[in-house]
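Following: one structure in structure tokens, then a few remarks.
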Amino acid sequence: MIETDVRLPGGRILHAYSWGDGDRVVLWHHGTPNIGRPPEPLFAAATILGLRFIAYDRPGYGGSTPSPGRDIASAATDAAAVADALGAGEFAVMGHSGGGPHALACAALLPARVTAAVSISGLAPHTAAGLDWFAGMGPGSLASLQAAAAGRAAKETYAAAPTVTDPDFTDGDWAALEGVWGWFGSVVEPAIKNGPAPLIDDDLAYVGPWGFDPATITTPVLLVHGGDDLMVPSSHSAWLAGQITNAELRVVPGAGHISVLPVEGEPALGWIPAVTRTRKNA
């Protein structure tokens, strides 16, 4: 793993990561609250597929400068800067959970560079017409995101004394965390050690205007979701699939927010070079 700081105009810093030496680049977008280190459980598959991972800590996390008030669309500018600094021209994007919307932002706003996009367990816009956005969420996600929807002051108050502290994990999620996807502990712990500020910025971005319309995405998109996900219900990906022209939806019955990854993480990664070849041959 190679780590470096990317300095943006104005002096803001993004702490970036690069792993592998494959010919195709996949830019990983992390969830909330995580740092940006790419997903180690997918490294073996990435090697076989000839993929290189790059990534960065979103503003406020890890070694990246905070950017209060950031929207989802800002990820496209940040991702492009990281890709430039790490020598990547075209690249695919892949995000889990809160990383899903940020991956879609890159697909929408960087169409000349983004070859494919994968969103796993990702959110739909809070303003999604016809979607009951909170329906099916467990008590923790519901309380946290409802606080964000009430504004920054309400979210900061909630983060200081949350009414629900247990994550909305299924039994399958807990089992996945006992296996190789226990890797999440290595990216969650450093993300929360300096307090909740970047998590607050993330949640406010999810419920605020995204800064782009998913319906404008023309690059191929794969939406993967667990059917029993209590943190982000699968209805979010189903809604996105109805908006994005070149979207494929895979819902895994019985899988949760984390337990979908042992089932579909490697196949989703394998979808990237397959669809990229198709795009280049079209």
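The values are calculated or read from the model by the stated rules, or taken from the named source; none is laboratory data. What you see is a predicted model; the values in this text were computed from it and never measured. Reconstructed Cβ throughout: ideal geometry from the backbone, glycine too, with neighbour counts over all protein chains shown. Areas reflect the complete protein model, heavy atoms only, side chains present, ligands, DNA and RNA absent. Shrake-Rupley method; radii C 1.70, N 1.55, O 1.52, S 1.80 Å.
Between residue 5 and 16, the built amide H atoms are under 5 Å apart, and every one of these is 5 or more places off in sequence or on another chain. Span-like helix criteria (full DSSP H runs; alpha carbon extent of at least 18 Å along the helix axis; mean Kyte-Doolittle hydropathy of at least -0.5) are satisfied in the chain by 260-281. Computed on protein heavy atoms with a 1.4 Å probe, the accessible areas place 231, 137 in the order 231, 137, largest first. Positive-end ranking of 245, 222, 260 along the dipole of the range 218-281, with charges on Cβ about the Cα centre, is headed by 245. When you work out D = kT/(6 pi eta Rh) for the range 42-169 at 20 °C and 1.002 mPa s, using the Kirkwood radius from C-alpha pairs as Rh and the Stokes-Einstein form, the result is 129 µm²/s. Taking 0.36 nm per residue of sequence separation and removing the Cα-Cα distance, the residue 165/residue 21 pair yields an extension gain of 47.8 nm. Calculated on the alpha-carbon coordinates, the convex hull of the chain measures out at 116 cubic angstrom per residue.
Globularity index of the range 186-250 is 1.38 (Cα radius of gyration / 2.2 N^0.38 Å, N = number of residues). Coupling constants for the range 248-255 follow from the phi torsions by the Karplus curve (6.51 cos²θ - 1.76 cosθ + 1.60, θ = phi - 60°), and in residue order they are 10, 10, 10, 10, 9, x, x, 8 Hz; glycine and proline get x. Taking packing as the residue-averaged number of other Cβ atoms within 10 angstrom, the listed peptides 144-151, 121-128 run from highest to lowest as 121-128, 144-151. Between residue 153 and residue 194, the C-beta separation translates, for a Förster distance of 30 Å, into a calculated FRET efficiency of about 0.90. Accessible area of residue 74 (1.4 Å probe, protein heavy atoms only, ligands and nucleic acids ignored): about 40 Å². In terms of accessible area, using a 1.4 Å probe and ignoring ligands and nucleic acids, 4, 218 rank largest first as 218, 4.
Under 5 Å between amide hydrogens, built in the peptide plane, is the criterion, and for residue 88 it picks out nothing among residues at least 5 positions away or on other chains. For the range 77-165, a crude dipole built from +1 on the beta carbon of Lys and Arg and -1 on the beta carbon of Asp and Glu, taken about the Cα centre, is about 140 debye to the nearest 20.
Backbone amide hydrogens, once placed in the peptide plane, bring residue 252 within less than 5 Å of 225, 226, 227, excluding anything fewer than 5 places away on its chain. What you get for the chain, charging only the Cβ of Lys and Arg (+1) and of Asp and Glu (-1), is a dipole of about 780 debye around the Cα centre.
In angstrom, the C-alpha Rg and Dmax of the range 117-235 are 15.2, 42.
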